[in-house]
Every structure is written in C-alpha cells, then in structure tokens.
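Take a look at the structure set out below.
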Amino acid sequence: MKILMTLVLSTSLLSCSSQKIQRAQEPEWDAMADESYLRWGKERLKESKDPVANCYLGKAQETLDLYKKDYLEKSKTLYYWLHIGNCFYSKEEWIKAEFFFRMTLEETKVTQVKAIALNNLALVQFKHEHWEKGKELLRESIKLNQKFKVPRYNLSQLFLQFGHYDQAISLLNDQAFKGQKDFDVIFSLANAYLYKGELNKAAPYFEMIPQNKFRREDMAATYALYLIRKGNIKEATIVMNDREKSGIPEISAISNKIEQILSQRMKEE
C-alpha cells in the first residue's frame, strides 16, 4: 500500500498526504487543516499571504527566485530555510530539500521549527526508502512537540505499511486527535483493524465516513476489500465502479487487484 504521508510546511504547520491526491475537505472533517497547505485547496492557497503557498500552486521556481532575491533581508527570519526546503520538496528535488531541512535544524533554536524540519526530513528519507532513519526522525519530531498531529499521522502510516497495526492504532488514538474528525485518520484506523482481521472493529470507522468520500480511489479500494471480506460483493462492485481514478500507479495496481478478486468472486457465485 502506498504510504500516504503528510508534509509539514510552515508556521501553521502544513501537512499533505500524497501530493497527487486532493486532500482539501470540509473544515469540520479536517483535523490537520491548521497544519497543511496541501489540504487547503487552490482557492484558499491563493488567499494566503505566505509566499511558500505558491510552491503548491505550480509556482515553485518563481518562489525560490523570490527567496534568493530577499536573502539579505530575510535569511535570518524563522522559516526562511524551511520554506526553501519545502519548495524543493514540492518540485520533488529530494536532495536539495534535504539540504535545506538540515540547514533549518542548524540555523534555528526554536523547538517548533525544529520539529517541523525533522518531520519533513523524515519524508525525504522515505523517498529514498530509508525507513528506519525516517522513523527515528519522526520520533524526534514528536518528542519536540507533543501537540503536532502530522508527525504522529506520518509515523502511523509507516507502521501501517509494515504491518505494525497496534502501534498505528495507538498513535491515531493519541490525545492530539481527541475531539476532532478527520477522514484520513478515521480511514487509517479502519485500515488497521481491517488488516488485523478485526472486521467488527473496522466497521464503525468505515461507517463514520460519508459514502461520497469513498469515490477517492485509495479509499474505494480499501472499502471494497472490507466489503468483500464481509461477503458483500455487489456493494463492493458498486464502490469500485464509482471510484475516481487517481492515476497513481501504486493505487491503480491495488484497484486492479481488487477488481480481479471481484471478477473471480462473481464467477464463483
């Protein structure tokens, strides 16, 4: 399963899952909106006064040129190096992003900024499949700021990827998420219980998610698998037929496997 990571971007933290999946959603269903530019959507990004928001509107190079121009004036400001790293991350230039995230760690003594840089640096490690290094960086980030939700969410996704479901569940049930609703957090809890084989515990989490949200391909494929395991082949087929294809190879591969399972099950019936 593709790791759906979030990237912390700025003072207001800023997370994202996969950059290719649209994460903007209703504020009442977005526990990490205050930590995520990539959850804002294009209109909200356009309203932002922070230049780094332009990196996620396809204007990364223009933004980098602006930061370079303002070096003498702004290089000592709190988020200067972090924002440059974020722009390179948005351009998928991982080596340059890593350099500036490490620069951020060297240049700031502010705990919050260090926690953000550590989270983002962990994501770069994951791009290189350095899972253990990334895991330790996320743990350092969490230790520096107990209130940040994004590093906890990212670490939970790593645990889900490698089958450590109880650890993922523990992170997602942390006090940081209490009293808030978020599709991705709820979906991840449903995933964890589904792959543990505890369908009865997965059910309430799937039921919390409005049906129209299962049009997102990653959610559709997992929900369809849950329905297959429940023996509801007809509904699983409807879910897969209604999904919006993401174009992401890893998710498309999972969808194709689900469709093969459905085809075989329908022949058996």
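Quick note: the coordinates plus some simple rules give every number you see, no bench work behind them. Source: prediction; values computed, not measured. Glycine also receives a Cβ, built like all others from the backbone with ideal geometry; neighbour counts cover every protein chain displayed.
Relative to the current alpha-carbon distance between ASN232 and ARG265, full extension at 0.36 nm per residue lengthens the span by 10.8 nm.
For the range 121-252, what ratio Rg/Rh do Cα atoms give with a Kirkwood hydrodynamic radius? If you can, show how the numbers build up before the last one.
On the way: Rg = 15.6 Å, Rh = 15.7 Å.
Checking Rg against Rh, the ratio lands at 0.99.
Helices of the chain meeting both criteria, an alpha-carbon length of 15 angstrom or more along the long axis and an average Kyte-Doolittle score not below -1.0, with helices taken as full DSSP H segments, are 80-90, 94-107, 111-127, 131-144, 150-161, 183-196, 217-229, 249-268.
Given a Förster distance of 25 Å, report the FRET efficiency between HIS164 and LYS245 from their Cβ-Cβ distance, rounded to the nearest 0.05. Before the final figure, lay out the partial values.
Values: r = 30 Å, r/R0 = 1.19.
Calculated transfer efficiency: 0.25.
Calculated [222 nm] ellipticity per residue, helices only, for the chain: -18500 deg cm²/dmol; basis is -39500 (n - 2.57) per DSSP H run with n ≥ 4, divided by all residues, nearest 500. The coefficient of translational diffusion for the chain, derived via Stokes-Einstein from the alpha carbon Kirkwood radius under 20 °C and 1.002 mPa s, stands at 111 µm²/s.
Within the range 150-234, which chymotrypsin sites (Phe, Trp or Tyr not before Pro) sit in a loop by DSSP and count at most 15 neighbouring Cβ atoms inside 10 Å? Don't skip to the answer; put the middle values down first.
Numbers: sites: TYR153, PHE159, PHE162, TYR165, PHE177, PHE183, PHE187, TYR193, TYR195, TYR205, PHE206, PHE214, TYR223, TYR226; in loops: PHE162.
Sparse-neighbourhood loop chymotrypsin sites (Phe, Trp or Tyr not before Pro): PHE162.
When the C-alpha to C-alpha distance is required to be over 20 Å, the pairs from LYS196/LYS245; LYS68/LYS109; LYS181/LYS245; LYS76/LYS109; LYS49/LYS74; LYS42/LYS147 that qualify are LYS196/LYS245; LYS68/LYS109; LYS181/LYS245; LYS42/LYS147. Normalised by the number of residues in the chain, the average gap of Cα pairs under 8 Å and 6 or more apart makes the relative contact order 15 percent. Cross-link partners of LYS201 among aspartates and glutamates, defined as those whose alpha carbon lies under 14 angstrom from its own and excluding same-chain residues fewer than eight positions apart: ASP166.
Note down the magnitude of the dipole of the chain about its Cα centre, charges +1 on Lys and Arg C-beta and -1 on Asp and Glu C-beta and zero elsewhere, to the nearest 20 debye. Show your work: numbers first, answer last.
On the way: 41 positive and 36 negative charges, 23 e Å.
Approximately 120 debye in magnitude.
Within 10 Å of each candidate Cβ there may be at most 16 other Cβ atoms; applying that plus a DSSP loop requirement, which GluC sites (Glu not before Pro) in the range 196-267 survive? For GluC sites (Glu not before Pro) across the range 196-267 that sit outside H, G, I, E and B with at most 16 neighbouring Cβ atoms in 10 Å, the list reads GLU198.
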